[in-house]
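The values are calculated or read from the model by the stated rules, or taken from the named source; none is laboratory data. What you see is a predicted model; the values in this text were computed from it and never measured. Please note: Cβ atoms are built from the backbone with ideal geometry, for glycine as well, and neighbour counts cover all protein chains shown. SASA here: full protein model, heavy atoms, side chains in, ligands and nucleic acids out. Shrake-Rupley method; radii C 1.70, N 1.55, O 1.52, S 1.80 Å.
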Amino acid sequence: MKSYKAQRRLSLVFRYLLLTLLAVVWLVPIVWIVLASFSYNDTGFVSTFWPEQFTIQNYIGIFTSSQFPFLYWLRNTFVVAVISMVLSTFVTISVAYALSRLRFRFRKPFLQIALVLGMFPGFMSMIALYYILKSFNMLNLGGLILVYVGGAGLGFYIAKGFFDTIPRSMDEAAIIDGATRWQVFIHIGLPMSRPMIVYTALMAFIGPWIDFIFSGIILSSSGNPKTYTIAYGLYNMLHSTKGSSTTYFTQFIAGCVVIAIPITILFVVMQKFYVNGITAGADKG
Amino acid sequence: MKLWKKVAVASTTLLAAVALTACGSSSNSSSSTSSSKSGAVKGSVSLWVDTTQVPFYKTIVKNFNKKYPDVKVKLTQSPNGSSNAKTDVGKDPAKAADVFEVPNDQLGQMAEAGYINPLSPTAEKTVKANNTATSVKGVTWKDKMYAFPFAEQAQTLYYNKSKLTADDVKSWDTLTSKGVVATDFTVPYNFYPIFLSAGTYLYGKDGETLKGTNANSQEGVNALKWFAEQKANKGVMQTSNALNQLKSGHAQAIIDGPWDAANLKKILGDNFAVAPYPTIKLGGEEKQMQAFLGIEAFAVNSHTDTKNQKAAAALAEFITNKQSQLIVYEQSGQIPTDKATQASSKVANDPVAQAVMAMAKPGFSTLMPKMLQMATFWDAATPLINGAYTGSIKESQYSAKLETFVQRISKAN
Amino acid sequence: MFKRKDKKPPKATYREVWAKGGLASKLSFFLMGVSSLKNRQWVRGIAYLAVEIGFIVWLAFTGVSALSLLTTLGAIKKKQVVFDKAEGVYITKLPDNSVTILLFGVLAVLLIVAMVFLYVTNLRATKSLYIANRDGEHVESNMEQLKSLFDTRLHTTLMTIPIIGILAFTVLPTLYMISMAFTNYDAKHSIGFSWTGFQAFGNVLTGDLAGTFFPVLGWTLVWAVCATATTFFFGVLLAMLIESKGIKFKGVWRTIFVIVYAVPQFVSLLMMAQFLDLQGPLNNILLNWGWIAHPINFIGASASPLVARITVIVVNMWIGIPVSMLISTAIIQNLPQDQIEAAKIDGANALQVFRSITFPQILFVMAPSLIQQFIGNINNFNVIFLLTGGQPMNNNYVGAGDTDLLVTWLYNLVFGQTQRYNASAVLGILIFILSAVFSLFAYRRTNAFKEG
């Protein structure tokens, strides 16, 4: 009995050690990124783990730079994120609900077409998107929102999976009691899918903060850095200038850390919803 | 209306002539002489420059507006920098700026694609009269000039003079035996010119002959052998971040362009020193190590409205004139192409400018060709040089690899 | 369950509607919505009519020309440089802009298809109105119709805006991309290009790009399998480690790993590239500790292909394991315990339990999302583009490196040096075929697409 206990203790110690080791491996690069953002460096490359010289000048620099209007980027991204969050969530939830709870003629074809569309790589469509938006004179933040919202209709899988798990008997009972389907949607469907709405909304909110490709294609032609979003602005900081970009490198890292913090917190908070969302569809296997 | 146009033409020719004589004779305040006559140029044009250069181009545009008060200039940063002008303009030429900065190697393709307009004969005359012959050649494609040159770029050797003497850096062998050169063999811009040192041509002597590449020869093999030797050379360090290696003291010399000069001065402090490329031993002979010579220029978008074309050309001409080149030099260290500016004391006494200007001479550098095939060339040269350097291409394969390389970059379509 | 009450009216053919219907019914074959108007369904009738009028006006003014231009993609293919004597400058007479011609041509086709669809619904409405009138049944009033948008036709209300969005921002661009594959749109024909049939396909499959396409395709598949399998397998193991008995603060442990996933990829991967550089911190640390004698070239342009490929898979594990750990955690928590208990009583050890019970169960539940991940990895742009940019170089490839996936190669062909738009469109189609083949059987099994 004693040896069994000792064995278990040993196993626990071993597991703790393993876990700690893994955690260290996982976090080292992240810690390094944060450290690098505090390092003084003008060569465009950080070669040491521990900065040779600490400074907070990078953070001061990024917030006061006139060429790289970081605060405008933050504001733009926030506006885009909020608007596209509201609209995308509405679109995604509507589509998911309709496909899951309502029966209509084009339901199945729609599911199949959506599946097919999702398999084309998106890059080629960017050229077309650019010209579509250009013909509406929408090569700006508004156009960017349109693109995000326009794509939201195809992101229904997870939400649909979630709706599929809610027993349908409730809807039927309500219909028999004389409720319209709209009332069922508003008073039963939406309240029950609150975690799903939170998940969809947060994902839509995070999107604009991390997308540097679409935003680059759409926003770059304005040439006005005040209209950029944060991801493209930061990316552009590294790639637009020969030579001098090396001097901005640590500022770039500082800017990255600034936006990574809120996104990380949001994500950590919503990890539960994320898991629920992903597994809901798969639960019935 | 027609009369008005005639007046405009007359006044600009006059203007050009005045500017021509002014530039030739006096060294200062050449541009303000004819401000009253040029009111005829009207329009609104947009201008793309690199992000970090926006501030001082604002000054230049202000000067421009003093001379051409009726031209509205919208100055913005280009999407991905002038080195990506081809792709930025190509994405949607109609949306690209009317005047934009472009390195000369992209001119051929842009001209063929119809993105840019040739210079008018009067403008050609002005440019030819004021700028060095090499820079004029750099912007000429099929006997027409397609852009206004304003800066020449050639890589030079930057080194730490507390570790290396001026004599040490005269030959690659002494340089790498006494110190370490940090460089990147994956960038063909750095190392393709070794082929030119070896005595081969890239697209012929004139850089415009499609079948003129003769790297598939013993000279080409010599160049590849040289790359392979560098792998074993302890004094050569392969790195993607030469600046950092220089700063940390792992390397004592790097090859780099004038665009990094300001930063290098900061990194090396009092030990900053610059020199033209050393000589290298190729096939048993000591030869001058060459560099690519690039000409930075401003081109006029062919999608610009006809009514704004003249204003655009006037803007491009003005921002590359003597006065503007001097501002650009002072603010960003780009080496002017204007003959008078090059001779001015400020430029002539600058060691970086001296080194670049020395490199710009024939024998030290070759103009980057403007062929359409340059796009393929960059893609194909990278793995070739790098493969020889790392040894993934064996010596026995050299001839075959060079043969495929030459064929690939010599395809008409 | 929501089936309409079974009072389906007796059927009628369109022939019958045409032959026996009133003037309004007949007119509806030409003027959409007339029979609705006749039956006082004002909103629907006016909407149909307005759409048709709008369509005809569009067709007359731009539609026809857009369609006819589509056949040639513009007549002028070559530019012409002329000297404008009056202005004293050269002017370039540009070729017709095939990009916009193609785009608006595709748009026109799409609009016509949409119109045909509406026309069919119009006929259908006409027919049901005819039947209702013929059999003396209740004809929906205007108000009833509007109300039904929130009840029996709720799907119309919910789906209309999203479908318009999808048509404009996904379907149209995708069709445009597909048609590009049949042109000679490249750097040499960047403004005016023309239809060339399957020539671009030939270039990719047998021409100068074939030597790159097949090796890159092979690596893409190897990568997708490895990336999916490693993140899944180790994710499950990590989840079980955290969930195992005796470990405290499970939430904290999980959060530590999730942080890595949460940091935006363009930050974490771009920095990771530096971290792994030949002279980067990792090599410096390892050198200082004496673990290695020479720095390892993990992902540099001159790295060994094998090392680089292993490195990207490992880095992908760094990014991907936390997610699959989260998902597996949820599944493990919901696993029925009775089987495991029974097995333990029978004397099975932990490994046996894992191998024969836990793991198969997790695999079973996660199968659909694994297939999605596999497809996602085929198109995993970020990891490759931000981490290696496709490097190391390969001197046998055209415009691609050893770690390039089809999708990053596609990106290089569009935005890189060579700008071969048509070839990249072909690649896009081939990637689609690849994904479709793999998911064809797989998706049929997943719950999301079964009849609920």
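A few notes on this one:
- The residue list B:Ala297, B:Ala316, B:Ala312 contains one member that is among the aliphatic types (A, V, I, L, M) and in contact with an Asp or Glu (Cβ under 6 Å, 6 or more places away or on another chain), which is B:Ala312.
- Residue in the range A:234-252 that is surrounded by fewer than 19 Cβ atoms within 10 Å (Cβ to Cβ) and among the β-branched types (Val, Ile, Thr) present: no
Yes or no, residue by residue, for (1) open to solvent by 20 Å² or more (accessible area, probe 1.4 Å); (2) out of contact with any helix residue (DSSP H, G or I) (no Cβ under 6 Å at 6 or more places or on another chain); (3) closer than 18 Å to C:Leu94 by Cβ; (4) among the hydrophobic types (A, V, I, L, M, F, W, C):
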{"site": "B:Pro55", "(1), (2), (3), (4)": "yes, yes, no, no"}
{"site": "B:Lys62", "(1), (2), (3), (4)": "yes, yes, no, no"}
{"site": "B:Gly81", "(1), (2), (3), (4)": "no, yes, no, no"}
{"site": "B:Asn117", "(1), (2), (3), (4)": "no, yes, yes, no"}
{"site": "B:Asn130", "(1), (2), (3), (4)": "yes, no, no, no"}
{"site": "B:Lys137", "(1), (2), (3), (4)": "yes, yes, no, no"}
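- In the range C:178-194, the residues that are in a loop (DSSP other than H, G, I, E, B), open to solvent by 10 Å² or more (accessible area, probe 1.4 Å) and within 9 Å of C:Val426 (Cα to Cα): C:Phe182
- Residue within the range B:329-350 that is crowded, with 22+ Cβ neighbours inside 10 Å, at pLDDT below 90, among the charged types (D, E, K, R) and farther than 25 Å from B:Thr59 by Cβ present: no
- Scanning the range C:352-370 for residues that are modelled with pLDDT of 80 or more and either open to solvent by 60 Å² or more (accessible area, probe 1.4 Å) or not in a helix (DSSP H, G or I) (or both) turns up C:Gln352, C:Arg355, C:Ser356.
- Screening the candidates A:Ile218, A:Ile166 for the property of being among the β-branched types (Val, Ile, Thr), closer than 20 Å to A:Thr229 by Cβ and in the same structural domain as A:Met138 (by TED's automatic domain parsing) yields one hit, A:Ile218.
- Residue in the range C:384-393 that is closer than 30 Å to C:Leu440 by Cβ, of a type in the set (Ser, Thr, Tyr) and open to solvent by less than 20 Å² (accessible area, probe 1.4 Å) present: no
- Restricting A:Phe68, A:Phe163 to those that are more than 7 Å from chain C (Cβ to nearest Cβ), in a loop (DSSP other than H, G, I, E, B) and open to solvent by less than 10 Å² (accessible area, probe 1.4 Å) reduces the list to A:Phe68.
- For the range B:385-409, a residue qualifies if it is in contact with a Leu (Cβ under 6 Å, 6 or more places away or on another chain) and more than 11 Å from every other protein chain (Cβ to nearest Cβ), and exactly one does: B:Tyr398.
- Scan of the range A:141-151 for residues that are open to solvent by 10 Å² or more (accessible area, probe 1.4 Å), more than 7 Å from chain C (Cβ to nearest Cβ) and of a type in the set (Gly, Ala, Ser), ordered by number: A:Gly142
- Unmet requirement for B:Pro193, which otherwise passes all of (1) under 20 Å from the mean Cα position of the chain (by Cα); (2) within 28 Å of B:Lys161 (Cβ to Cβ); (3) modelled with pLDDT under 90: (3)
- The number of residues in the range A:46-76 that are of a type in the set (A, V, I, L, M, F, W, C) and more than 25 Å from B:Gln77 (Cα to Cα) comes to 5.
- In this structure, A:Ile197 does not qualify as open to solvent by 20 Å² or more (accessible area, probe 1.4 Å), over 18 Å from A:Ala96 (Cα atoms), modelled with pLDDT of 85 or more and more than 14 Å from chain B (Cβ to nearest Cβ).
- Subset tally (residues that are farther than 18 Å from A:Ile158 by Cβ, buried (at least 18 other Cβ atoms within 10 Å of the Cβ), within 7 Å of chain C (Cβ to nearest Cβ) and not polar (S, T, N, Q)) for the range A:94-130: 7
- Matching entry among C:Leu209, C:Leu172, C:Leu221 (being open to solvent by 40 Å² or more (accessible area, probe 1.4 Å) and either of a type in the set (Gly, Ala, Ser) or in contact (Cβ under 8 Å) with a residue 60 or more places away in the chain (or both)): C:Leu221
- Note on the range C:30-50: among residues that are under 21 Å from C:Ala108 (Cα atoms) and either in contact with a helix residue (DSSP H, G or I) (Cβ under 6 Å, 6 or more places away or on another chain) or charged (D, E, K, R) (or both), the one that is least open to solvent (accessible area, probe 1.4 Å) is C:Met32.
- Members of the range B:198-223 that are assigned to a helix (DSSP H, G or I) and open to solvent by less than 10 Å² (accessible area, probe 1.4 Å): B:Gly220, B:Ala223
- Check on B:Phe150, farther than 23 Å from C:Val81 by Cα, modelled with pLDDT of 90 or more and outside any helix (DSSP H, G or I): yes
- Scanning the range C:406-428 for residues that are within 19 Å of C:Val99 (Cα to Cα) and among the β-branched types (Val, Ile, Thr) yields a count of 3.
- Residue that is farthest from the other protein chains (Cβ to nearest Cβ) [pool: residues in the range B:247-262 that are in contact with a helix residue (DSSP H, G or I) (Cβ under 6 Å, 6 or more places away or on another chain) and farther than 18 Å from B:Met359 by Cβ]: B:Ala251
- Of all residues in the range C:138-162 being in a helix (DSSP H, G or I) and facing another protein chain (nearest Cβ under 7 Å), the one that is surrounded by the fewest Cβ atoms within 10 Å (Cβ to Cβ): C:Ile161
- You will find that of A:Val28, A:Val80, the residue that is in contact with a helix residue (DSSP H, G or I) (Cβ under 6 Å, 6 or more places away or on another chain) and either crowded, with 18+ Cβ neighbours inside 10 Å or away from chain B (no Cβ under 14 Å) (or both) is A:Val80 and no other.
- Which listed residue, of B:Ala299, B:Ala355, is among the small types (Gly, Ala, Ser), open to solvent by less than 10 Å² (accessible area, probe 1.4 Å) and more than 14 Å from chain C (Cβ to nearest Cβ): B:Ala355
- Here is the figure for the range C:68-112: residues that are open to solvent by 40 Å² or more (accessible area, probe 1.4 Å) and either on the phi > 0 side of the Ramachandran plot or assigned to a loop (DSSP other than H, G, I, E, B) (or both) total 10.
- Each residue in the range A:175-194 was checked for being open to solvent by 20 Å² or more (accessible area, probe 1.4 Å) and more than 18 Å from A:Val91 (Cβ to Cβ), and 12 of them qualify.
- Residue tally, condition β-branched (Val, Ile, Thr) and part of a strand (DSSP E or B), over the range B:159-191: 2
- Meets criteria (at pLDDT 80 or above, farther than 22 Å from A:Ile56 by Cα, crowded, with 21+ Cβ neighbours inside 10 Å and not charged (D, E, K, R)) for A:Ile265: no
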